[in-house]
Amino acid sequence: GEAPRDYEHLSEMSVGSLPRRELRVLAAILGGHTATSMRCWFAVWEGFGQIAGTGVALGSDPGNSQMWIKPVASLAPRDVLQGPRLELPERSYLLLTGVVHEAGDLFDALGSQSPNLWWPEDRSWCVATEIDFGWTYVGGREALVRDVLSSPELEAMRARTTDGITYGSDRLNAPF
């Protein structure tokens, strides 16, 4: 028969968000590749339920077969929700500013959600985590790309314009 597949890593995989550990490692690398690390732009898709408080939580109490539903309160303050937006085709993002190294703190503040797009004031690099993908793109100068690729804490590979953007086109991990 076929050997059982190892699915333990699935709990660590994140679609639409770079996991906290990798986010912190990447932010540390990126901070060394900009002259404006103290001013970074972070864009977070407005459609995540926990951001605007439009989501709900489902659950049940131990020993009780009754299910409960409760609304999820907004994690973003009113001034952020009413603040500037980045508008792209089919997506609207809340636009925040901060320090590059605060990306991990932002992850925590947004209920385990990384920024979807972020870049420093000098635009020396850009990071993109599409909400429907399980990977992140980093664009920048060759020295930055080398540092990302050589990090033992990141699973990284050089992207090509001919690469596909589906799970089946992932060259490092077999499709599920």
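Need the failing condition index for GLU87 against (1) surrounded by fewer than 19 Cβ atoms within 10 Å (Cβ to Cβ); (2) farther than 21 Å from GLY47 by Cα, just the number.
(2)
Is it the case that the stretch 91-114 has a residue that's at pLDDT below 95 and basic (Lys, Arg)?
Yes: one or more hits.
If a residue must be surrounded by fewer than 16 Cβ atoms within 10 Å (Cβ to Cβ), among the hydrophobic types (A, V, I, L, M, F, W, C), in a loop (DSSP other than H, G, I, E, B) and without any contact (Cβ under 8 Å) to a residue 60 or more places away in the chain, how many such residues does the stretch 103-157 contain?
1
Can you tell me which residue is most open to solvent (accessible area, probe 1.4 Å) among those in the stretch 69-84 that are touching a strand residue (DSSP E or B) at 6+ places or on another chain (Cβ under 9 Å) and modelled with pLDDT of 70 or more? Before you say what the answer is, go through the steps one by one.
Quick first cut of the stretch 69-84, residues touching a strand residue (DSSP E or B) at 6+ places or on another chain (Cβ under 9 Å) only: 69-72, 76, 80-81, 83-84.
From what's left, modelled with pLDDT of 70 or more: 69, 80-81, 83-84.
Values: ILE69: 123, VAL80: 38, LEU81: 47, GLY83: 20, PRO84: 83 Å².
Among residues in the stretch 69-84 that are touching a strand residue (DSSP E or B) at 6+ places or on another chain (Cβ under 9 Å) and modelled with pLDDT of 70 or more, the one most open to solvent (accessible area, probe 1.4 Å) is ILE69.
Go through the stretch 31-40 and give me each residue that's hydrophobic (A, V, I, L, M, F, W, C) and surrounded by fewer than 18 Cβ atoms within 10 Å (Cβ to Cβ).
As a first pass, look at the stretch 31-40 and keep what is hydrophobic (A, V, I, L, M, F, W, C): 35, 38, 40.
Correct list: ALA35, MET38.
Mind listing just one residue for me: the one in the stretch 12-64 that is among the polar types (S, T, N, Q) and under 14 Å from the mean Cα position of the chain (by Cα) and, of those, modelled with the lowest pLDDT?
Step one: filter the stretch 12-64 for residues among the polar types (S, T, N, Q), giving 14, 17, 34, 36-37, 50, 54, 60, 64.
If we keep only those that are under 14 Å from the mean Cα position of the chain (by Cα) as well, we get 14, 17.
Values: SER14: 71, SER17: 89.
Across the stretch 12-64, the extreme among qualifying residues is SER14.
The values are calculated or read from the model by the stated rules, or taken from the named source; none is laboratory data. It should be emphasised that the depicted structure is a prediction, and the values quoted were computed from it without experimental measurement. Note that each Cβ is placed from the backbone with ideal geometry, even for glycine, and that neighbours are counted across all protein chains shown. Surface accessibility is based on the protein's heavy atoms, side chains included, excluding ligands, DNA and RNA. Shrake-Rupley method; radii C 1.70, N 1.55, O 1.52, S 1.80 Å.
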